[in-house]
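Asker: Just dropping this structure here.
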Amino acid sequence: MLARAVESTTQAPGVNFSAYKTYNFMDVTARNEAAFAGGAVGIEELKQAVGREMERRGYQRAESPDLWVNIGVVTEQKVQTRESTIWEAPRYIGQRRYHWEAQQVPAGTYREGTATVDVVDAARNEQVWQGIAASALSKNPEKLAARIDEGIATMFKKYPVPPR
């Protein structure tokens, strides 16, 4: 889902990320129930990928964590287009004159997924870091899992604590 690119990351100023030792996930359905009504799009894969990245940075999963990780997923149907060629039918503009101009022609549809990972200071209930990434969704479960792993790893390259 996330291989295209990390859209953005933001970090709260003046936060000492090395002071945090534990993390856990917030209930994802609390954030956007509509996205999970028909089965979560790769949510378990997202949680596994984020958990791996947090643990690579020395955080341990705990029931009462220092950091809450909140994952949001939005999927959207998109239309893929292509530009028309000179060999496609020109438009008639009257008086035996034809005009050709390039146009965007629908070529197919696909689903795009956007994942947002919010890291929240549990004691203060304040967001300290956020990463957003998006990509076309694959119908193949193995490809979807690989894209998620790649996207989350790329996102966490911008996390303020490097892997150990």
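The numbers here are math on the coordinates, done by the rules we state, and not lab data. Treat the numbers as computed from the prediction; the structure is a model and nothing was measured. For neighbour counting, all protein chains shown are included, and Cβ atoms are generated from backbone atoms with ideal geometry for every residue, glycine included.
Asker: Between MET26 and GLU63, 0.36 nm times their residue separation minus their Cα-Cα distance comes to what?
Answerer: Additional length available on full extension: 12.2 nm.
Asker: Then there is this: Pop the C-beta distance of VAL105 and GLN48 into the FRET formula with R0 = 45 Å and round what comes out to the nearest 0.05.
Answerer: 0.70
Asker: A further question follows. In sequence order, what are the phi-derived ³J(HN,Hα) couplings for the stretch 9-24 according to the Karplus relation 6.51 cos²θ - 1.76 cosθ + 1.60 with θ = phi - 60°, rounded to whole Hz, with x for glycine and proline?
Answerer: 9, 9, 9, 5, x, x, 8, 8, 5, 6, 6, 7, 10, 10, 8, 7
Asker: Counting only residues 5 or more places away or on other chains, whose amide H sits under 5 Å from the amide H of THR22 once H atoms are built in the peptide plane?
Answerer: Here the answer is GLN60, ASP66, LEU67, since their amide H atoms fall under 5 Å of that of THR22.
Asker: Provide the gained length on full extension for the span LYS158 to GLN77, in nm with one decimal, where the gain is 0.36 nm per separating residue minus the Cα-Cα distance.
Answerer: The span from LYS158 to GLN77 would gain 26.3 nm if fully extended.
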